[in-house]
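Colleague: Have a look at this one before I ask anything.
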Amino acid sequence: MPSPPQPNINSAFEAARADAFDTKTSLNCIKAPLLVLHTREDEVVPFEQGRELYQSYQNGPKLLAEGKGRHMEYMDNLAVYIPAIKEISGLER
């Protein structure tokens, strides 16, 4: 029996992108510290988009924390992400 067809992540991403939320424009409304948590191996949101978001934010402190792994493997990155959360929130000074 043949395997069922696998979803094409690229076509799904392109469809979502066509109806994408304009995050960079919305960033101008935020007046709080910005923390971007991302990985280079993310197969859903390219790392460069996270970096662009980080670079375009001008309204306050910001931090880009780079973990490892794929899109939903954030639990594997707690050793990187928890200190970043503490730093940007002012809990670790």
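Colleague: Which of the residues belonging to segment 80-93 are among the aliphatic types (A, V, I, L, M), out of contact with any Pro (no Cβ under 9 Å at 6 or more places or on another chain) and either under 20 Å from residue 27 (Cβ atoms) or open to solvent by 70 Å² or more (accessible area, probe 1.4 Å) (or both)?
Modeller: Scanning segment 80-93 gives 82, 84, 85, 91.
Colleague: Same structure again: Can you name the residue in segment 39-79 that is hydrophobic (A, V, I, L, M, F, W, C) and assigned to a helix (DSSP H, G or I) and, of all such residues, is surrounded by the most Cβ atoms within 10 Å (Cβ to Cβ)?
Modeller: For segment 39-79, the residue satisfying everything is 53.
Colleague: Sort out which residues of segment 20-34 are touching a residue at least 12 places away in the same chain (Cβ under 8 Å) and open to solvent by 50 Å² or more (accessible area, probe 1.4 Å), and write them in order of number.
Modeller: The answer is 23, 24, 28, 30, 31, 33.
Colleague: Identify all residues within segment 49-71 that are farther than 18 Å from residue 84 by Cβ and touching a Lys or Arg at 6+ places or on another chain (Cβ under 9 Å); write none if there are none.
Modeller: 52, 56, 59
The values are calculated or read from the model by the stated rules, or taken from the named source; none is laboratory data. Only a predicted model underlies this, so the values are computations on that prediction, with no experimental measurement involved. As a convention, Cβ positions derive from the backbone with ideal geometry for all residues, glycine included, and neighbour counts pool all protein chains shown. Only protein heavy atoms, including side chains, enter the accessible area calculation; ligands, DNA and RNA are left aside. Shrake-Rupley method; radii C 1.70, N 1.55, O 1.52, S 1.80 Å.
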